[in-house]
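Trainee: Sharing a structure here in structure tokens format.
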Amino acid sequence: MLTPIFHSVPIDGQDHWADRLDATGYFATDYFAIDPRFGTMDDARKLVEEAHKRGLYVFFDGVFGHHKDNVLASPTGNKPVGASNPVSYPESLPFFKEVAEYWVKELKIDGWRLDQAYQVPTDAWAEIRKAVDDASQQVTYTNAEGKLVNPLGYMVAEIWRGESDIARDGYGSTENPALCSAFDFPMRYRLMQTFAVEENGKKSTDGGLTLAEGMQTHDAYPAHAKPNLMLGNHDLVRFGDLLQRGKLAEPNEVEYWERHKAAISFLAAYTGPITLYYGEEIGDELEASRIK
């Protein structure tokens, strides 16, 4: 799962920090081109092909809810319409549907991480999901087992809120389904409370009950929902650093690694998709001098 790799150009007249934010790709300019700082289209194609040869799926990061008014037209001439942050829907739907299906067909990516998915209405997500499903059925690649397969067509929403908001803004209803997967933030925080501490220092005193309550949050979701659990992401503090912040364990202590094993074991036993942010599998930490 890659963070945005589309060509991003800062707008004129903004400050240095806004320029740096644009450079992350979360305010893309050309949704149909690779940022030259990362490489070329051929480089991206090779990355996806090599990943597939190794039994890996590749997901791109889709920012379909905001931009900075410098977006270039799609190959068919579509552009976002109306407001820019958040984007106007349904006016902008043709453009973002084209983005979503283009990369599945062009590079045979396996799906999308959907940034700030609450900015897009659920009926628009239903349309975009269908476009990705259809595009995934139109192309194939050879996987690590030598079998010809379709791209997975998986889409996972980032809705950094509680379960009721995730249900409303991501999943929709059983009668009118939107997306099928979203990051399980409610469960993630309970996982931190149990095996480490939250970023705000909150810690559970009844670990098993806290985890059970986390799983019960799934009762708020429709039957088609498949929450995706994680320990962290690029916006959250690493698990190892939370252990240190909570004064629970240091990397030179056995308990530091035992707590990592426990948390990752819970991920492994979780029913549904999971995400392991790079470095977590080796107990990576942020240098103390960089923790603020």
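Trainee: Can you work out which of the residues in the stretch 18-55 that are more than 25 Å from Gly77 (Cα to Cα), of a type in the set (A, V, I, L, M) and modelled with pLDDT of 95 or more is surrounded by the most Cβ atoms within 10 Å (Cβ to Cβ)?
Mentor: The selected residue is Val48.
Trainee: Can you tell me which of Gly207, Gly170, Gly201, Gly146 is of a type outside the set (Lys, Arg) and under 28 Å from Thr122 (Cα atoms)? Show your work before the answer.
Mentor: Working: Gly207 fails: under 28 Å from Thr122 (Cα atoms); Gly201 fails: under 28 Å from Thr122 (Cα atoms); Gly146 fails: under 28 Å from Thr122 (Cα atoms).
When all the criteria are applied, what remains is Gly170.
Trainee: Scan the stretch 89-100 for residues that are open to solvent by 40 Å² or more (accessible area, probe 1.4 Å), part of a helix (DSSP H, G or I) and out of contact with any Asp or Glu (no Cβ under 7 Å at 6 or more places or on another chain) and jot them down. Write out each step before concluding.
Mentor: Here is the first cut: in the stretch 89-100, the ones open to solvent by 40 Å² or more (accessible area, probe 1.4 Å) are 90-91, 94, 97.
Keeping just the survivors that are part of a helix (DSSP H, G or I) gives 94, 97.
Matches in the stretch 89-100: Pro94 only.
Trainee: Tell me, please, whether a residue that is more than 30 Å from Tyr256 (Cα to Cα) and not hydroxyl-bearing (Ser, Thr, Tyr) can be found in the stretch 179-198.
Mentor: yes
Trainee: Now for a different question. List pairs: first in the stretch 109-133 and among the acidic types (Asp, Glu), second part of a helix (DSSP H, G or I), Cβ under 7 Å, 6+ apart or cross-chain?
Mentor: Once the first residue is among the acidic types (Asp, Glu) and sits in the stretch 109-133, its partners that are part of a helix (DSSP H, G or I) give Glu127/Leu93; Glu127/Lys97.
Residue-by-condition table, conditions (1) among the charged types (D, E, K, R); (2) at positive phi:
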| site | (1), (2) |
| --- | --- |
| Leu209 | no, no |
| Ala212 | no, no |
| His218 | no, no |
| Leu229 | no, no |
| Asp235 | yes, no |
| Ala269 | no, no |
| Gly279 | no, yes |
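Trainee: Which residue out of Ala144, Ala178 is touching a residue at least 40 places away in the same chain (Cβ under 8 Å), of a type outside the set (D, E, K, R) and crowded, with 19+ Cβ neighbours inside 10 Å?
Mentor: After ruling out the rest, the residue left standing is Ala178.
Trainee: Looking at (1) of a type in the set (D, E, K, R); (2) within 16 Å of the chain's Cα centre (by Cα); (3) in a helix (DSSP H, G or I), which is the only condition Arg113 fails?
Mentor: Evaluating Arg113 over (1) of a type in the set (D, E, K, R); (2) within 16 Å of the chain's Cα centre (by Cα); (3) in a helix (DSSP H, G or I) leaves (3) as the failure.
Trainee: Let me ask something else. Within the stretch 199-207, can one find any residue that is modelled with pLDDT of 95 or more, of a type in the set (Ser, Thr, Tyr) and either surrounded by 15 or more Cβ atoms within 10 Å (Cβ to Cβ) or in contact with a Pro (Cβ under 8 Å, 6 or more places away or on another chain) (or both)?
Mentor: Scanning the stretch 199-207 turns up no residue that is modelled with pLDDT of 95 or more, of a type in the set (Ser, Thr, Tyr) and either surrounded by 15 or more Cβ atoms within 10 Å (Cβ to Cβ) or in contact with a Pro (Cβ under 8 Å, 6 or more places away or on another chain) (or both).
Trainee: Just to be sure I understand, how many residues within the stretch 239-265 are within 15 Å of Val197 (Cα to Cα), basic (Lys, Arg) and in a helix (DSSP H, G or I)?
Mentor: Residues that pass the stated criteria total 2.
Trainee: So, in the stretch 116-134, how many residues would count as being open to solvent by less than 50 Å² (accessible area, probe 1.4 Å), touching a Gly at 6+ places or on another chain (Cβ under 8 Å) and part of a helix (DSSP H, G or I)?
Mentor: Number satisfying all stated conditions: 6.
Trainee: Separate question: Pro80 fails exactly one of the following numbered conditions: (1) in a loop (DSSP other than H, G, I, E, B); (2) open to solvent by less than 10 Å² (accessible area, probe 1.4 Å). What is the number of that condition?
Mentor: Condition not satisfied by Pro80: (2).
Trainee: Confirm whether Phe32 is under 20 Å from the mean Cα position of the chain (by Cα) and in a loop (DSSP other than H, G, I, E, B). Don't jump to the end; show me each part of the working.
Mentor: Numbers: under 20 Å from the mean Cα position of the chain (by Cα): yes; in a loop (DSSP other than H, G, I, E, B): no.
Taking the combined requirement at face value, the residue does not satisfy it.
Trainee: Run down Asp35, Asp19, Asp30, Asp61 and say which single residue is out of contact with any His (no Cβ under 8 Å at 6 or more places or on another chain) and farther than 19 Å from Lys130 by Cα.
Mentor: The unique qualifying residue is Asp19.
The values are calculated or read from the model by the stated rules, or taken from the named source; none is laboratory data. Predicted model only: the values in this text are computed from it and were never measured. We place every Cβ from the backbone using ideal geometry, glycine too, and count neighbours over all the protein chains shown. Note: areas computed on protein heavy atoms with side chains; ligands, DNA, RNA excluded. Shrake-Rupley method; radii C 1.70, N 1.55, O 1.52, S 1.80 Å.
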